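This report concerns only the one structure given below.
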Amino acid sequence: MSITQSTVSLYSLENYKFGVKDPQPEEDPSVAARLNRLQNEYEKYGIRRTVEGVLVVHEHNHPHVLLLQIANTFFKLPGDALKPGEDEIEGLKLRLSQKLSPASQVGLDTSDWEVGELLSIWYRPNFENFMYPYIPAHITKPKEMKKIFLIHLPEKKTFSVPKNMKLLAVPLFELYDNSARYGPQLAALPHLLSRFNYVYS
């Protein structure tokens, strides 16, 4: 039995335009504050559902992932927590628009964000910083579930990044085995993306 790879078209970083828009301050000033808010929200609404998107381009025929950099030290994928009952695909499109679309387009039309394959699911077992790609055996009610999806980018697109953030194209070889700098979720991306056959345009 032959197993075929899914084919993904990657376009050159040079195809895309990058602008800026008003800053979007992080909701929490520290990790402790974020975990405290998570605990308060968990008591009201239950498990937090978070969605993030992996945007891949190429430079010299090598895949690069677009990451948001905040305060020169923190890297993250674009996305955020969903509201209770919110659809995860439409919610992810809206959050990608809020983070990366020009201000004039935010929330008006999210149809040019094509959400593709589910790459991984991460769980936060307690009100702590650690997340795992599985639910630990002794945990019955994780506090957060994060789904990471591949985003299929069009051939051309204009991104608009909040002034207090940077959008960086980070090559897979930089992410690979580099959880010390990027954390385990981002360092896992080269493994997760290796299942695709890339066509470079």
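The values are calculated or read from the model by the stated rules, or taken from the named source; none is laboratory data. Here the structure is a predicted model, which is why all the values come from computation and not from measurement. Cβ atoms come from the backbone with ideal geometry, glycine included; neighbour counts cover every protein chain shown. SASA here: full protein model, heavy atoms, side chains in, ligands and nucleic acids out. Shrake-Rupley method; radii C 1.70, N 1.55, O 1.52, S 1.80 Å.
Couple of notes before you dig in:
- Segment R37-E155, extension gain: residue separation times 0.36 nm, minus the distance between their alpha carbons: 38.6 nm
- Size descriptor, Kirkwood hydrodynamic radius, that averages inverse alpha-carbon separations across the stretch 63-133, Å: 14.2 Å
- Counting DSSP beta bridges with both ends in the stretch 1-105, the antiparallel % (nearest 5): 90 percent
- Rg(Cα) / (2.2 N^0.38 Å) computed for the stretch 7-200, rounded to two decimals: 1.02
- Full extension of the chain between E174 and Q105 gives 21.6 nm of extra length, using 0.36 nm per residue less the Cα-Cα distance.
- Within the stretch 157-197, backbone nitrogen closer than 12 Å to the virtual label 7 Å beyond the Cα of F18 toward Cβ: 159-162, 165-171
- For the set D177, D80, the ranking by accessible area, highest first and with no ligand, DNA or RNA atoms included, is D177, D80 under a 1.4 Å probe.
- In the stretch 13-154, lysine pairs with alpha-carbon atoms under 14 angstrom apart (chain gap of 8 or more, or interchain): 9
- Y198 long-range amide H proximity, modeled H, under 5 Å: V8
- Only helical runs count toward this figure. For the chain, summing -39,500 (n - 2.57) over DSSP H runs of n ≥ 4 and dividing by all residues gives -6500 deg cm²/dmol at 222 nm.
- Sorted largest first, the principal axis extents computed over the alpha-carbon atoms of the stretch 60-99 equal 40, 28, 12 Å.
- Listed residues T7, T110, T73 arranged by accessible area, highest first, probe 1.4 Å: T73, T7, T110
- Residues whose placed amide H lies under 5 Å from that of K143, excluding near-sequence neighbours: R124, N126
- If you wrap the Cα atoms of the stretch 1-88 in a convex hull and average its projected area over all directions, you get 10.0 nm².
- Here the stretch 47-118 and the stretch 172-186 have alpha carbon centers that stand 19 Å from each other.
- ³J(HN,Hα), Karplus 6.51/-1.76/1.60, whole Hz, each residue of the stretch 17-33, x for Gly, Pro: 9, 10, x, 10, 9, 4, x, 10, x, 5, 5, 10, x, 8, 4, 4, 5
- In sequence order, calculated HN-Hα J values of the stretch 54-67 (Karplus, 6.51, -1.76, 1.60; Hz; x Gly/Pro): 9, 9, 10, 10, 10, 10, 6, 6, 10, x, 10, 9, 7, 10
- Under Karplus coefficients 6.51, -1.76 and 1.60, residue-wise ³J(HN,Hα) of the stretch 158-173 in Hz, glycine/proline x: 9, 9, 10, 10, x, 4, 8, 10, 10, 10, 10, 9, 9, x, 4, 5
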